[in-house]
1. Under a 1.4 angstrom probe, counting protein chains only, how are Trp259, Trp151 ranked by accessible area, largest first?
2. Give the accessible area for Leu95 in Å² (nearest 10); use a 1.4 Å probe, count only protein heavy atoms, and leave out ligands, DNA and RNA.
3. Near the amide H of Glu64, under 5 Å away, which other amide H atoms are found, from residues 5 or more places off or on another chain, if H is placed in the peptide plane?
4. Taking a spot 7 Å from the Cα of Leu59 along the direction of its beta carbon, which residues of region 272-315 have an amide N less than 19 Å from it?
5. Let me know the Kirkwood hydrodynamic radius for region 254-363, please, with Cα pairs as the basis and the value in Å to one decimal.
6. Could you list which residues have their amide H under 5 Å from that of Trp259, counting only those 5 or more apart in sequence or on another chain, with H placed in the peptide plane?
7. Report the residue, chosen from Ala310, Ala193, Ala327, that carries the largest GNM mean-square fluctuation when the chain is represented by alpha-carbon nodes joined by springs under 10 Å.
8. Could you check which residue among Leu209, Leu347, Leu130 shows the biggest mean-square fluctuation in a GNM of the chain with a 10 Å Cα cutoff?
Amino acid sequence: MSRFDRRKAEAGEEPAPTREKRGTLAPLIIFIAIVVFIVVALVTSRSAATERPFSYTELLMDTEVNLQIFCRGSGEARRAKEALFDEMKRLERLLSYSDPKSDLARINRAAGERPVEVSPETVEVIQKALDYSSISEGAFDPTVAPLLELWGFREGDYRVPDPDELEEAGVLVDYRLVEAGTAEVYLPRPGMALDLGGIAKGYIVDRGLALLSQSGVRHALINAGGDIGILGPKADGSPWRVGIKHPCTDGELIAVIPWMKRGAVVTSGDYERFFVEDGVRYHHILDPRTGYPASSLVSVTVVAPTAMEADALSTALFVMGPQRGLALVESLSGVEAIMVTPQLELLISSGLRDLVELPGENK
Ligand code: ADP
Ligand code: MG
């Protein structure tokens, strides 16, 4: 033992291995490294090779919700989709406008009377809805419900309201009046009501993807009637191609975003819910300032990090129109948009312009 080793031994440390000892350890270390390498390579190649695509569709939130998911087997895929749809249904029951037992219905029934205690999820969506109302200077406004009622968009008993009726209901439409605390929400005027139809679907898609991610899923896409949220690329690492419906021609695409590996793509279109009276088409996205359907665009697609953001913004931009809408998109980081005017002209935000395929251009 050298003097140095002796000092170390006195201090309670092991002496350093001699040259001979190191020589005998080296093959063992190399052997272990090779074994570890082989095991890791086997595990990763096995999981990538055996993950297969599964697809499920259910009717939820008034629309068809499709899940595409990569899993190692059908049992695993079925368990994931059951947990997912259960969670989405639970959230729908909290946020539904028409279910009398929902948090939202309880808030609306107590308008002008008292604050209502609701679940944290409901508070979260309402707070976010109010944020997007303020970002869009009231173009997005969840208090638009009394106007939607007048037009019959809630019950399906469509009609064109009188201007006086719209003016009267308009007094109840102002997101700045909503009092949303940490656990309670209060609508201070009788007759006020909240409608989360422009944001809830996106929120529920995000929550669904978060649940899948927590349970170990790494490759999935949820399409809730045009609200698309993406969790990772496909199992082979390739991106999802997301097509955007042509607003007039059924079955045709107006654009394709071919590189989605995460985030969301959400489209709001005037063709989703509408009625025709005396040859005029009236649709379900209302301009809260006028009470009439917004008319300067026919479709707005937003690409954003979350489906909730994309959902609220697609509705907001639809109301704001091309100029103000594009200005808002350009001011938000990570957000891009494709707008279609009534003349079918495409307006694409700067970050997306060279990254989108336009099938019509090749014809
Ligand atoms: P979709 O539900 O067809 O995907 P949107 O996300 O654009 O379309 O949401 C439209 C829904 O948003 C309407 O059905 C209504 O519930 C609600 N809504 C309508 N106008 C507004 C508005 N100005 N601000 C907020 N929500 C709105
Ligand atoms: Mg929306």
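The values are calculated or read from the model by the stated rules, or taken from the named source; none is laboratory data. What you are looking at is a predicted structure, and each value in this text was computed from that prediction instead of being measured. Cβ: placed from backbone, ideal geometry, glycine included. Neighbour counts: every protein chain shown. Protein only, heavy atoms only, side chains kept; ligands, DNA and RNA dropped before computing areas. Shrake-Rupley method; radii C 1.70, N 1.55, O 1.52, S 1.80 Å.
1. The most accessible residue leads, giving Trp259, Trp151.
2. Leu95 has an accessible surface of roughly 10 Å² with all protein chains in place.
3. Gly225
4. Under 19 Å, as judged by backbone N against the label point of Leu59, lie 272-274 of region 272-315.
5. Numbers: mean 1/r = 0.0694 Å⁻¹.
Taking the inverse mean of 1/r over all distinct Cα pairs, region 254-363 comes out at 14.4 Å.
6. Val242
7. Ala327
8. Leu347
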